[in-house]
1. Place a +1 charge on the Cβ of each Lys and Arg in the chain and a -1 charge on the Cβ of each Asp and Glu, then give the dipole magnitude about the Cα centre in debye, rounded to the nearest 20.
2. Can you show me the helix-derived [θ] at 222 nm for the chain, built from DSSP H runs with n ≥ 4 at -39,500 (n - 2.57) apiece and divided by the number of residues, rounded to the nearest 500.
3. With labels modelled as points extended 7 Å from the Cα through the Cβ direction, what inter-label distance (nm, one decimal) is found for Leu121 paired with Leu16?
4. Taking 8 Å as the Cα distance limit and 6 or more residues as the minimum spacing, I'd like the relative contact order of the chain as a percentage.
5. By a straight-distance test (C-alpha under 16 Å), which lysines pair with Lys118 as possible cross-link partners, with residues fewer than eight away in the same chain excluded?
6. Just report the Cα centroid separation between segment 29-96 and segment 109-130, whole Å.
7. What does the extension gain come out to for Ile42 and Asp109, with contour length at 0.36 nm per residue minus their alpha carbon separation?
8. Compute log10 of I(q)/I(0) for the chain with the Debye formula, placing one identical point scatterer on every Cα and leaving out solvent, at q = 0.12, 0.15, 0.16, 0.21 Å⁻¹, to two decimals.
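Quick note: the coordinates plus some simple rules give every number you see, no bench work behind them. As the structure is a prediction and not an experimental result, all values here were calculated from the model. Every residue, glycine as well, gets a Cβ built from its backbone with ideal geometry; the counts of neighbours run over all protein chains shown.
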Amino acid sequence: MFNFRPGSRMGVEIGLVKKYMSMFQIYDQYTTPYFGGWVTNIGWRNNYYLKLELSSDFPFRKPSLFVVVPQTLWMIGGIETVNSRGVSHSFHTLTNGPNGCVQICHVRDWDASMTCQKVLLMGVLWCGAYEEYFRTGRDIKDILSDYLYRKGVCYVHH
């Protein structure tokens, strides 16, 4: 059972997301809570709906981050999909989620001090990297590494 009172862990998580990632909201607070929201940018090929699912033992277990819309993420050439790859180092993805949607790899070693806001930020960066993949043909993992090393974040694993 989650505690959503101000000052509780979930209260702090909701506050951080509301303040820094306002395109996301908390849903299903009293059953199976998740953060969901649209990631858009002028000039992008797609708009993305990301869903961050929290397990009942959050924050001690890593939450799962999914690209729900678009359901199918095509690769350059339009024949293969990122979904068909499942776990992919190049695309920075894990085992597909519900209905075959892409699950984004957001951190290698999760610990309870990490926040949903940080995970959602990685999701936004991943969407930007997917868009850049279409412009450059570079692997998403390399694009993310460039983003994060340039910003001094340095937590994309190689």
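1. Values: 16 positive and 12 negative charges, 63 e Å.
Dipole of the chain, to the nearest 20 debye: 300 debye.
2. Details: 4 runs with 49 residues, N = 158.
Helices in the chain give a 222 nm mean residue ellipticity of -9500 deg cm²/dmol.
3. 0.9
4. On the way: 248 pairs, mean separation 25.8, N = 158.
This gives 16 percent for the chain.
5. Lys18, Lys19, Lys51, Lys62, Lys151
6. Here the answer is 11 Å between Cα centres.
7. Details: separation 67, 0.36 × 67 = 24.12 nm, distance 3.32 nm.
Using 0.36 nm per residue and subtracting the Cα-Cα distance, I get 20.8 nm.
8. Result of the Debye calculation: -0.50, -0.79, -0.90, -1.50.
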